[in-house]
1. Quick one: in the stretch 145-155, which of the residues that are of a type outside the set (Ser, Thr, Tyr) and either touching a Lys or Arg at 6+ places or on another chain (Cβ under 6 Å) or surrounded by fewer than 12 Cβ atoms within 10 Å (Cβ to Cβ) (or both) is farthest from residue 105 (Cα to Cα)?
2. In the stretch 109-141, which residues are among the acidic types (Asp, Glu) and part of a strand (DSSP E or B)?
3. Pairs please, first residue from the stretch 203-220 and in a loop (DSSP other than H, G, I, E, B), second anywhere and among the hydroxyl-bearing types (Ser, Thr, Tyr) and surrounded by 15 or more Cβ atoms within 10 Å (Cβ to Cβ), Cβ atoms under 9 Å, 6+ apart in sequence or on different chains.
4. Go through (1) farther than 17 Å from residue 262 by Cα; (2) among the hydroxyl-bearing types (Ser, Thr, Tyr); (3) in a loop (DSSP other than H, G, I, E, B) for residue 39 and report which single condition fails.
5. Taking only pairs six or more apart or across chains, which ones have beta-carbon atoms under 8 Å, a first residue in the stretch 222-242 that is β-branched (Val, Ile, Thr), and a second residue that is crowded, with 16+ Cβ neighbours inside 10 Å?
6. Can you confirm whether the stretch 145-156 contains a residue that is outside any helix (DSSP H, G or I) and in contact with a Gly (Cβ under 6 Å, 6 or more places away or on another chain)?
7. Would you confirm, using the coordinates I've provided, whether residue 50 is within 30 Å of residue 211 (Cβ to Cβ), out of contact with any helix residue (DSSP H, G or I) (no Cβ under 9 Å at 6 or more places or on another chain) and charged (D, E, K, R)?
8. If you go through the stretch 178-202 one residue at a time, how many are in a helix (DSSP H, G or I) and surrounded by 15 or more Cβ atoms within 10 Å (Cβ to Cβ)?
Amino acid sequence: MTAQNYIQNALSELREPVELPKQLKDLPLKEAIKKRILSHKFRKYSAKPELVEHIEIAVTDAMEKEEPINLTFLNGAYKLWRLEEAPHPDWAELFSLIYFTNWVKPICGLYKPGVWFDFFMDDWIVTELNNIDQKNVDLYLEGFNKLITFIKQFQPSNLRMTLTPVKSQFESRESFDGLIEKEVQKLTKEKGGLVELEKAEESAIDLNAQPTKEQLVDPDWKRKSAHLHTAYMRVKAGPGYHHRKDKILVFTQPLPSGMLLSVGTTKTSIVKFWVGVGALQKRGESYIETILSFKQLNNANLDTERFNIDGLDHKNFKTIRYLS
């Protein structure tokens, strides 16, 4: 089987009616939906009791209103600048869309209103945090929207995927920047200045940020970046778009709040699709999707195969890497 045949089959299989496991069929509808959301096959970390309780509340709320179950995925509106695929999405984004579709497809089969899978994307802030040009942020958003449109033809009719940029929750860039500045000042007063960074925090900044010449001569630039990020998270929460009882927040890793459901981005990966590249792994005569981090990409032994699938017109989809 060629890599192209494998991906075409993976897309076509999304159209196939789902065969619901007996353990889901025999459960009350609410319990079946909750069980699928918390499926160990897709969830990569344990769920705290308070998160499980929140999921039950969100599912109950949707069912009472006869509305779709809302899963809101939090991610950055950019492709890591270190990757040659940047600033556009690549196979990593498409593989994640396939994976998430397979995750919620049984819910769409069980529950007529279906699922609303919303990508809540950090856009304006990455121009400040990571020094990414706004035009590149816009290109990423445009490319991601095209992938959502492309995959719709393969998905259940009651699955709706959307992209919601954080900027949509604010009146203007000026008002957003003003709120950020106020929150930075407030946070500085609360903390008594800049806080020390954990090793993982510093590593994340090293990976994502493209430091300016001014930053490189400032010994505190990473701490300032982390300070800005903390202030941003407060401002982002202000409009109340994502912290709601009817929304189940999804991410790739657990966060201190414990109120995020942590799922993979493919069966074999938890790498964030916006900072990695999609590749295939050989499995006998077939393949399996994976997402490689920047470090993995540099250390992997990779071959490439040319590609041509209607609707995937960008150059990032004209070849694919695979681990032999």
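1. Initial filter on the stretch 145-155 (of a type outside the set (Ser, Thr, Tyr)): 145-148, 150-155.
Pick out the ones that are also either touching a Lys or Arg at 6+ places or on another chain (Cβ under 6 Å) or surrounded by fewer than 12 Cβ atoms within 10 Å (Cβ to Cβ) (or both) and you get 153-154.
Details: 153: 14, 154: 11 Å.
So, considering only residues that are of a type outside the set (Ser, Thr, Tyr) and either touching a Lys or Arg at 6+ places or on another chain (Cβ under 6 Å) or surrounded by fewer than 12 Cβ atoms within 10 Å (Cβ to Cβ) (or both), the one farthest from residue 105 (Cα to Cα) is 153.
2. 118, 122 - these are the residues of the stretch 109-141 that are among the acidic types (Asp, Glu) and part of a strand (DSSP E or B).
3. Qualifying pairs under 9 Å: 209/225; 211/225.
4. So residue 39 meets the others, but not (1).
5. 230/187; 235/176; 235/179; 235/180; 235/183
6. No, the conditions are met nowhere in the stretch 145-156.
7. On the way: within 30 Å of residue 211 (Cβ to Cβ): no; out of contact with any helix residue (DSSP H, G or I) (no Cβ under 9 Å at 6 or more places or on another chain): yes; charged (D, E, K, R): yes.
When the stated conditions are applied, residue 50 does not pass them.
8. Selection size over the stretch 178-202: 7.
The values are calculated or read from the model by the stated rules, or taken from the named source; none is laboratory data. Bear in mind that the values here come from a model prediction, so they are computed numbers and not experimental data. Using ideal geometry, Cβ is built from the backbone for each residue, glycine included, and neighbour counts are taken over all protein chains shown.
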